[in-house]
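Asker: This is the structure I have questions about; it appears just below.
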Amino acid sequence: MKDEVRFQKAKKVSLISILGNLTLTVAKLIAGFFAGSTALIADAFHSASDLIGTVILLKGMQIAHQPADKNHPFGHHRAETITSEILAVILMITAAGIGYEGFRVLTSETIKIPEMAAVYVALLSIAAKELMYRHSAKVGKEINSDAIIADAWHHRSDAFSSIAALVGIVGSRFGIAFMDPVAALFVALLIFRAGIKIYRKAVSTLMDTAPSTETLKELMDTIMDVDGVKKVDDLRVRRYGSKIIIDLKISVLPELTVEEGHNVAAKTKIRVLEMDDSIQDVLIHVNPFYKS
């Protein structure tokens with residue numbers, strides 16, 4: 001998939017997320033304030049964090065799709081991974097704020113029973129955020145973007161937090177008043193957990209963590225299937241944002257000319273690049289092959 005097409009898809013899904021999160025944030029804040037629901041107000045701040053996160057995501061994707069230049073010869077694709085880290089931190093900070101507010105209300109002398117309007121808004125949020133999650137996750141997988149998938153999980157965690165808020169609101173209306181602030185604490189834990197998961201994946205990518213054994217085996221089989229390759233001496237794969245860069249050492253028969261050895265390497269590079277659109281480059285070093 002061409003970078004321009006990929007960016008346009010990311011931009012479209014991000015704009016949908018911004019509009020949806022803005023609408024839900026306002027609706028939850030108004031309903032939470034007037035209906036007296038701490039859990040719904042906490043959920044509103046979660047939606048607000050999603051809104052801020054998506055704006056950051058859109059800027060990060062814009063930077064990531066800038067062409068390579070003198071200072072960034074491999075391109076700017078790691079901006080996506082850095083954006084994922086920022087989104088994760090925003091989630092964790094939001095979780096801390098929501099948790100504090102829930103604890104404050106839980107330990108206060110009086111806990112207000114939420115009005116019925118809070119129930120309707122929570123139900124609306126659950127449906128809307130689940131639809132936004134499904135759409136964002138689909139696009140994220142389609143364009144192979146960890147940042148878009150991270151933003152999708154923001155939507156899913158918001159849907160979960162709305163479910164928790166709904167349980168708390170309904171529980172309070174049935175006479176268990178403490179369930180509303182308890183639900184806010186549960187929402188905070190869900191959000192924090194999602195943030196940790198996204199942050200760990202982003203760090204793993206920045207640390208050039210190797211891909212799965214299955215992926216490496218598939219690469220090895222493809223390389224060894226190239227005519228002229230006698231052995232794979234070394235294979236290193238690293239993620240560069242949404243792209244993959246491969247460092248490879250192969251052995252060919254020592255009697256081949258330099259040109260013939262180069263041709264084997266060229267055929268190998270073409271074959272590997274054909275495996276996946278996300279493979280940006282394959283750097284190949286050719287060694288002479290000797291039977292041990």
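Just so you know, all these numbers are worked out from the coordinates, no wet-lab data involved. On a predicted model such as this, the values are computed, not experimentally measured, just so you know. In this analysis, Cβ positions are derived from the backbone assuming ideal geometry, glycine residues included, and neighbour counts consider all displayed protein chains.
Asker: Just to be sure I understand the model, the point goes 7 Å from the Cα along the line to the Cβ. What's the resulting PHE103 to VAL89 distance in nm?
Answerer: 2.3 nm
Asker: May I pose another question? Treating the beta-carbon of each Lys and Arg as +1 and of each Asp and Glu as -1, no other charges, what is the dipole magnitude of the chain about its Cα centre, to the nearest 20 debye? Display every interim value, and only then the final one.
Answerer: Values: 33 positive and 32 negative charges, 86 e Å.
Charge dipole, the chain, about its Cα centre: 420 debye, nearest 20.
Asker: Quick check: the angle from helix 3-35's long axis to the longest principal axis of the chain, C-alpha only, nearest 10 degrees?
Answerer: 10 degrees
Asker: While we're looking at this one, here's another question. So which of LYS201/LYS231; LYS201/LYS243; LYS12/LYS138; LYS231/LYS267 end up more than 24 Å apart, counting from Cα to Cα?
Answerer: LYS201/LYS231
Asker: Separate question: Which whole-number percent gives the relative contact order of the chain, counting Cα pairs below 8 Å spaced six or more residues apart?
Answerer: 18 percent
Asker: Let me ask something else about it. Just need the relative contact order of the range 181-282 here, percent rounded to a whole number, with Cα pairs under 8 Å and 6+ apart. Before the final figure, lay out the partial values.
Answerer: Details: 100 pairs, mean separation 23.9, N = 102.
Result for the range 181-282 is 23 percent.
Asker: Enter the angle in degrees (range 0 to 90, nearest 10) between the Cα long axis of helix 38-64 and the first principal axis of the Cα atoms of the chain, meaning the one along which they spread out most.
Answerer: Roughly 30 degrees between the two axes.
Asker: Mind putting a number on the dipole of the range 213-288 about its Cα centre? Charges go on the C-beta only, +1 for Lys and Arg and -1 for Asp and Glu, and I need it in Debye to the nearest 20.
Answerer: Approximately 280 debye in magnitude.
Asker: Of the options ALA164, VAL5, LEU19, report the single residue whose Cα projects farthest towards the positive end of the charge dipole of the chain (beta-carbon charges: Lys, Arg +1; Asp, Glu -1).
Answerer: Highest projection toward the positive end goes to ALA164.
Asker: If you count the DSSP beta bridges with both ends in the chain, what percent of them are antiparallel, to the nearest 5?
Answerer: 50 percent
Asker: Hey, got a sec? Which trypsin sites (Lys or Arg not before Pro) in the range 245-292 land in a DSSP loop and have at most 15 other Cβ atoms within 10 Å? Please list the in-between numbers first.
Answerer: Details: sites: LYS249, LYS267, LYS269, ARG271, LYS291; in loops: LYS291.
Sparse-neighbourhood loop trypsin sites (Lys or Arg not before Pro): LYS291.
Asker: Once you mark the GluC sites (Glu not before Pro) that are in a DSSP loop and have at most 14 other Cβ atoms within 10 Å, what is the longest gap between them in the chain?
Answerer: Result for the longest clean stretch: 110-254.
Asker: Between LYS249 and ALA96, what's the calculated FRET efficiency when r is the beta-carbon distance and R0 is 41 Å? Round to 0.05.
Answerer: 0.30
Asker: Pulled fully out, how much extra length does the chain show between MET220 and MET116, if you take 0.36 nm times their separation in residues and subtract their Cα-Cα distance?
Answerer: Full-extension gain reported as 31.4 nm.
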